[in-house]
Amino acid sequence: TLTQLTTAWVNMALGGEKVQEAFYIFQELADKYNETPLLLNGMAVAQMHMGRHDEAEKYLLKALQKASNDVQTLQNLVVCGQHTRKAPEVVARYLSSLSRNAPSCSLLARRQKVEAEFEASMGAFKPAA
């Protein structure tokens, strides 16, 4: 229900032991109403909050199988992939898919901004010709 989903996300924001409660709520909803990408992402984010990135990846890959273009899933896979130190090609594949499906998403916008700032900073360290 909407109340349970709201409770789960509030618990995630509260952190600590509430994150485990949030995970249980998402899991209960998935058991009751089937595993949707939204619920699988909720379980994955809870796992990431608890430092269980390998477990989170399993839920995200399930979500990706159900909806290969789901923006939330792709964003979470990028973040999870960086935490689990996935090969750069793997993260790049998720970023590429994300760029095709949601070119204006906030994750890509922030990434582009940071890359531009990095490139500008690199110019300050180039040797004079």
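Within segment 2-15, restricting attention to residues that are more than 19 Å from the chain's Cα centre (by Cα) and without any contact (Cβ under 8 Å) to a residue 24 or more places away in the chain, the residue that is nearest to GLY81 (Cα to Cα) is THR7. No other residue among LEU38, LEU64 is of a type in the set (A, V, I, L, M) and open to solvent by 70 Å² or more (accessible area, probe 1.4 Å) apart from LEU38.
The values are calculated or read from the model by the stated rules, or taken from the named source; none is laboratory data. Remember, it's a predicted structure, so these values are computed and weren't measured experimentally. Every residue, glycine among them, receives a Cβ derived from its backbone with ideal geometry; neighbour counts consider all protein chains shown. These accessible areas exclude ligands, DNA and RNA; they are computed on the full protein's heavy atoms, side chains included. Shrake-Rupley method; radii C 1.70, N 1.55, O 1.52, S 1.80 Å.
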